[in-house]
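The values are calculated or read from the model by the stated rules, or taken from the named source; none is laboratory data. Quick caveat: nothing in here was measured; it's all calculated off a predicted structure. Counting neighbours? That spans all protein chains shown, and the Cβs are built from the backbone with ideal geometry, glycine included.
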Amino acid sequence: MRGRTVKVPWQGRNVEAYVPPLVSRLAPALTPRTIRQTERAAAAVVRLGDREAAGLGPAARLLLRSEGLASSFIEGVRASVADVAVAEADEAIGGAPGWVADNLAAVGEALGDRGPLTAGALKRWHRRLMRNSGLEPNLIGRWRDRQGWIGGASPLVAAYVPPPAERIDRLMSDLIAFAGREDLDPITLAAVLHAQFETIHPFADGNGRVGRILIAWTLKRRMRVPVPPPVSVQFARDIGGYLSGLTMYRRGAIDRWVGWFAGEVERAAAVSGGTLESVEELRADWRRRLADVRRDAAAVRIVDHLIEHPVMNAGVVAGLLHVSEQAGRAALNLLGARGIVSEVRIQPAERVRPGRPHRWWVAGELLGLLGR
C-alpha cells in the first residue's frame, strides 16, 4: 500500500505533499508473527478489562489521566500531574496544566460516545481539546483550510507534508468508513486507523492528540472494556520508535507498523494491570492510617472518593458527603496530617480568570502511581 506525492505551491515554490491511498477496503497482508502479536495484545486488553469490571472501575478511570498526560507529553505540552489535576477541578487554571486538562476531558468525552465514528464527533473532540489552545477560532473543530506540515519552519524543510486541504474531505470520509469495519481484528483496526489519521493530518493543530484518542475509542468500542489501556504512555517512552513506525506505515510497511503497535498495546495493558494493583494497595494503606478514626467520620468516608477525585477542596468534600464546608475542611486537614493528601498552591499567574484561588488538596501518592 503506497500513496503518491503531488506538487503544492508554497510562496512561489513547489513542495511535494503526500496523498495516502484509500483504506476503506484495505485488506492488510499480515505475517503469521504479526497476527500472533495482535492476538496477544487483544488478550491482554481483555484481561485488563476483566480486572476493571471486577470492582476496580474507579481505579481504572485513573488510566484515562495517564493517557491524556502522556499524549500531551508527546506533543511537548508538559505539566505536573498535581497541577493538571487541579486544572481539571478548577477551569480557571490556564497554561500548560489547563491544556493537558482539556486533553483529558477530550479523551473522556470520546470514550463516552457510543455511536459510530463521524466527522462531527471528531470535530467535537477537537473543539474540546483546543478550546484554550490559542488556535485561530475558525480552525477549531474544522478541517484545516490550508497546507499543513510536520517539523521545520515551513513545508519546504518539513519532515512530512500531508495532503492538500482540498483532499481532506474525501480522505476522511474514506477513513470514517474504515473505522466502521467489523471484519478486521480490533488491534489492526486501531493501528491503521491511527496511522492513516496522522497521515491525513486533517486539523491545523492537535492531530496527534486526536489521533491517539481514536486508538482509545476503537479499543473501547470494539473490545467493550470499561477503560482501554493508555497506549500513549508506551508511545511516550519510545517516541522515536513511534514516529519511525508512522513513517514505516507511510512507506507501505503496514505489517511492521501493526506488529510494533500490537506490542505497545500489550505492554500498556500489562503496565495498567500493575497500576490497578498498586491503587488497591494504596487504598488499603490509607484505611490503615485512619484505623483509629470513627468509620462515620467525614475523613474516612471521603477516602474512597479520592480515587475518582484525587484533587479536592472543602466545597468538593461538602458536596460529595452532604456536610458543611467547615466539616470538609476539617476532614482534609486530618487527611493531610495522616499524609494522605497535601495542600497545593496555584500561582495567580496561572489563572485565566480573576478570582480568589481555592485551597486545593491533592492525593499525591495516588497521582504518583501514574508516572511509573
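A single member of Arg25, Arg33 is without any contact (Cβ under 8 Å) to a residue 12 or more places away in the chain and not small (Gly, Ala, Ser), and it is Arg25.
Mind listing whichever residues of the range 77-90 are part of a loop (DSSP other than H, G, I, E, B) and either touching a residue at least 60 places away in the same chain (Cβ under 8 Å) or hydrophobic (A, V, I, L, M, F, W, C) (or both)?
Passing the criteria: Val77, Ala79, Asp90.
Can you spot a residue in the range 184-196 that is without any contact (Cβ under 8 Å) to a residue 60 or more places away in the chain and farther than 19 Å from Arg65 by Cβ? Yes. Within the range 229-281, the residues that satisfy the criterion of being surrounded by fewer than 21 Cβ atoms within 10 Å (Cβ to Cβ) and not in a helix (DSSP H, G or I) are Asp238, Arg251, Gly252, Ala253. Residues satisfying the criterion are absent from the range 203-214 (criterion: assigned to a helix (DSSP H, G or I), surrounded by fewer than 22 Cβ atoms within 10 Å (Cβ to Cβ), assigned by TED's automatic domain parsing to the domain that holds Gly241 and over 20 Å from the mean Cα position of the chain (by Cα)).
Listed here are the residues, each with its yes/no results for (1) over 19 Å from the mean Cα position of the chain (by Cα); (2) within 29 Å of Gly3 (Cβ to Cβ); (3) of a type in the set (Asp, Glu).
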position	(1), (2), (3)
Met223	no, no, no
Ser232	no, yes, no
Tyr242	no, yes, no
Asp285	yes, no, yes
Glu308	no, no, yes
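Only one entry in Asn333, Asn313 is closer than 19 Å to Ala82 by Cβ, crowded, with 17+ Cβ neighbours inside 10 Å and of a type outside the set (Lys, Arg), namely Asn313. For the range 34-53, check the following and say yes or no: at least one residue is in the same structural domain as Glu264 (by TED's automatic domain parsing) and not in a helix (DSSP H, G or I). No, every residue in the range 34-53 fails to be in the same structural domain as Glu264 (by TED's automatic domain parsing) and not in a helix (DSSP H, G or I).
Within the range 175-202, the set of residues being more than 19 Å from Gly245 (Cα to Cα) and not in a helix (DSSP H, G or I) comprises Gly180, Arg181, Glu182, Asp183, Leu184, Asp185, Pro202.
Against the conditions (1) surrounded by fewer than 15 Cβ atoms within 10 Å (Cβ to Cβ); (2) in the same structural domain as Asn103 (by TED's automatic domain parsing); (3) not in a helix (DSSP H, G or I), Pro226 satisfies every one except (1). Checking each residue in the range 93-128 for being surrounded by fewer than 18 Cβ atoms within 10 Å (Cβ to Cβ) and part of a loop (DSSP other than H, G, I, E, B) picks out Gly94, Asp113, Arg114, Gly115, Pro116, Thr118.
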